[in-house]
Amino acid sequence: MSRRIVIPVGVLALLGLGVSVSLALMPGALAPATSATQAHAPTEVKAPQEVGSRWGKNYFPNVELTTHEGKKVRFFDDLVEDKVVMINFIYTSCPDSCPLETARLSQVEKILGERVGQDVFMYSITIDPDNDTAEVLAQYRKRYDAGPGWTFLTGDEQEIVDLRKKLGLYIAEIQGDDSNNHNLSLIIGNQKTGRWMKRSPFENPHVLATHVGSWLHNWKQPSEGKRDYADAPKLRSLSDGERLFRTRCAACHTIGGQVVGGSVATDATKMGPDLVGVTKRREPKWLRRWIAEPDKMLEEKDPIAMELFEQFEQVPMPNMRLSAVDVEDLVEFLEEESARIAGEPTPAKVATGDKKLARAGKKPSAGERPARSAKVAVAKERLTTVAAAKPGGTVLVQGAWIREAHPDAKVNAGYLTLRNTGAADEVLVAVKSPTFERVELHEMSMKGGTMKMVALPSLRVPAGGELRLKPRGKHLMLKVPRRRLTAGHSVRLTLVFESGLEQTITVPVRS
């Protein structure tokens, strides 16, 4: 009878041992590993029995799936047994995350090269099998130039749900009867050794390739020569715009033929246009809207949007749910990088009021100063004013934002201004969000020298007037966030009015 000895990780660290932590089995799902990739091979703590056996055929649903080539396969027997794998879930009609996710994984595939299909296997499984037939998946993978070691699969919808649950990639709270919302994490693992880890598909592709190609193989691959720290490039601070471009855009776009951030670009002739000088080629208002909501512009058959869609293999520009501030950051980076490549002076970063006046052909007076920072004010003007229209009037949503909370807090506060241009009162009765368990209407007031918080059933927006939700007053109480929110993130909220009117807005998180 074998005994299992558990040694605290902290003790091993004190002893100077590198530690490789295998996953503990959670009820019904794999848990992510907590150890980071290390510079040297970790010390292997061998179990008395085959570690991977606990996550064998008795754990994984050995469901039948169909490949993009129409071949029938079994999930465990044919796809994961004794293999190092990378598994994610997508659907081909996804308007936002899936195109970016697939493009990002295409970068990982290029880094791993011929190893994909030999000692590393990539699987993308649809969550929409009714639409995503083998033929549809074959066309989809062709757009991303996927190689023979990257298999796209479909199957029975309920069996795919069961598979997602076993892999820990199913979130019941965001699933509805007709919902294609899904967990954006992917799972990587070595079935034989029992090492499994959840990762973000938007991770740096070199880091993700190292996890799959080296860590999961216990660093058996020889390194590519010796490197000296003296040759390491100097680190520099990245602007918010460059950070966004590296994580959201570099998978599909170059600037002046150059790959931003030393990443691995997919074929630019298939994925997206080179963006050098794009701020001069495109009208500013059009460009900002295209970055913010390309799916809507494609739905509206915008001529330029449709031309780009057809030119680049019908790969849709994804809606990346960027905040208004994010859009400004990206445009600013594109302007600066285009000027640098062209050898032109870098555009000066002017204040908000100056930007507005410059576009109007005016000069700012000496006493004019913007009330807020440039990015926030420009963003508020361009993208956070959202209209909910109905016969006889419009409700405008302006200046919406959510306060970043303490990491241990279970609530966030939200603020905005509702302006009713109609002839009748509007009554806000509910707010919904997929990011929070529930959203309530609250008011904070001073009574008897004590500050009290009161839940409200509704909020009235008078005809021709406005309602301001602000700190220390009426506000939104967003309870039990489903993910950690920090400044720079954005959240979708749907405002529900008594008249039946609903309006969905994207709200930035600010400190």
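The values are calculated or read from the model by the stated rules, or taken from the named source; none is laboratory data. Just so it is clear, the structure is predicted and the values come from calculations on it, not from any experiment. Heads up, the Cβs are rebuilt from the backbone with ideal geometry, glycines too, and the neighbour counts pull from every protein chain shown.
From the list G464, G500, G473, G422, which residue is surrounded by 15 or more Cβ atoms within 10 Å (Cβ to Cβ) and not polar (S, T, N, Q)?
Details: G464 fails: surrounded by 15 or more Cβ atoms within 10 Å (Cβ to Cβ); G500 fails: surrounded by 15 or more Cβ atoms within 10 Å (Cβ to Cβ); G473 fails: surrounded by 15 or more Cβ atoms within 10 Å (Cβ to Cβ).
None of the other options fit; the residue is G422.
Test T151 against the criterion of being touching a Phe, Trp or Tyr at 6+ places or on another chain (Cβ under 6 Å) and within 24 Å of R248 (Cβ to Cβ), and give yes or no.
Values: touching a Phe, Trp or Tyr at 6+ places or on another chain (Cβ under 6 Å): yes; within 24 Å of R248 (Cβ to Cβ): no.
Against the criterion (touching a Phe, Trp or Tyr at 6+ places or on another chain (Cβ under 6 Å) and within 24 Å of R248 (Cβ to Cβ)), T151 does not qualify.
Taking the range 70-80, which residues are out of contact with any Phe, Trp or Tyr (no Cβ under 9 Å at 6 or more places or on another chain) and in contact (Cβ under 8 Å) with a residue 60 or more places away in the chain?
We begin by selecting, within the range 70-80, every residue out of contact with any Phe, Trp or Tyr (no Cβ under 9 Å at 6 or more places or on another chain); these are 70-74, 77-78.
Of everything in the range 70-80, those that are out of contact with any Phe, Trp or Tyr (no Cβ under 9 Å at 6 or more places or on another chain) and in contact (Cβ under 8 Å) with a residue 60 or more places away in the chain turn out to be G70, V73.
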Discussion item. Looking only at the range 64-87, count every residue that is in contact with a strand residue (DSSP E or B) (Cβ under 7 Å, 6 or more places away or on another chain), buried (at least 19 other Cβ atoms within 10 Å of the Cβ) and farther than 17 Å from V136 by Cβ and tell me the total.
Written reply: 6
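Got a number for residues in the range 465-511 being of a type in the set (K, R) and within 22 Å of the chain's Cα centre (by Cα)?
Initial filter on the range 465-511 (of a type in the set (K, R)): 468, 470, 472, 474, 479, 482-484, 492, 510.
Still in the list and also within 22 Å of the chain's Cα centre (by Cα): 479, 482-484, 492, 510.
Of the residues in the range 465-511, 6 are of a type in the set (K, R) and within 22 Å of the chain's Cα centre (by Cα).
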Fill in: Residue among V427, V480, V454, V431 that alone is assigned to a strand (DSSP E or B) and under 29 Å from E328 (Cα atoms)
V431
Worksheet item: What pairs can you find where one residue is in the range 482-511 and at positive phi, the other is crowded, with 20+ Cβ neighbours inside 10 Å and of a type in the set (S, T, Y), and their Cβ atoms are less than 8 Å apart, with a gap of 6+ or different chains?
Response: G488/S323
Item to complete: Tell me which residues, restricted to the range 312-345, are among the polar types (S, T, N, Q), under 21 Å from S97 (Cα atoms) and either part of a helix (DSSP H, G or I) or touching a Leu at 6+ places or on another chain (Cβ under 9 Å) (or both).
Response: S323
Discussion item. Given the condition among the small types (G, A, S), out of contact with any Phe, Trp or Tyr (no Cβ under 9 Å at 6 or more places or on another chain) and assigned to a helix (DSSP H, G or I), answer yes or no: does some residue in the range 211-222 qualify?
Written reply: yes
Discussion item. The conditions are (1) modelled with pLDDT under 85; (2) part of a helix (DSSP H, G or I); (3) out of contact with any Asp or Glu (no Cβ under 6 Å at 6 or more places or on another chain), and L298 fails exactly one of them. Which is it?
Written reply: (1)
Discussion item. I'd like the full set of residues that are surrounded by 11 or more Cβ atoms within 10 Å (Cβ to Cβ) and modelled with pLDDT under 75, limited to the range 228-261.
Written reply: Q258, V259, V260, G261
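Can L186 be described as at pLDDT below 90, buried (at least 18 other Cβ atoms within 10 Å of the Cβ) and not basic (K, R)? Before you say what the answer is, go through the steps one by one.
Values: at pLDDT below 90: yes; buried (at least 18 other Cβ atoms within 10 Å of the Cβ): yes; not basic (K, R): yes.
Here the answer is yes, as L186 does meet what is asked.
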Practice prompt. Please work out which one of (1) polar (S, T, N, Q); (2) on the phi < 0 side of the Ramachandran plot; (3) not in a helix (DSSP H, G or I) is the condition T279 fails and give its number.
Written response: (3)
Practice prompt. Within the range 85-114, track down each residue that is free of Cβ contacts under 8 Å to residues at least 60 places away in the same chain and in a helix (DSSP H, G or I).
Written response: T102, E109, G113, E114
Practice prompt. Give the range 326-349 a look and list any residue that's touching a residue at least 24 places away in the same chain (Cβ under 8 Å) and over 27 Å from G488 (Cα atoms), or say none.
Written response: I341, A342
Discussion item. With charged (D, E, K, R) and within 16 Å of the chain's Cα centre (by Cα) as the only criterion, which of D302, D326 stands out?
Written reply: D326
Discussion item. Restricting to the range 299-325, name every residue that is surrounded by 15 or more Cβ atoms within 10 Å (Cβ to Cβ) and free of Cβ contacts under 8 Å to residues at least 40 places away in the same chain.
Written reply: D302, A305, L308, F309
Worksheet entry | Restricting the range 149-183 to residues that are part of a loop (DSSP other than H, G, I, E, B) and over 23 Å from E203 (Cα atoms), the residue that is modelled with the highest pLDDT | D156
Worksheet item: Hey, among A423, A455, A409, which residue is more than 26 Å from the chain's Cα centre (by Cα) and without any contact (Cβ under 8 Å) to a residue 40 or more places away in the chain?
Response: A455
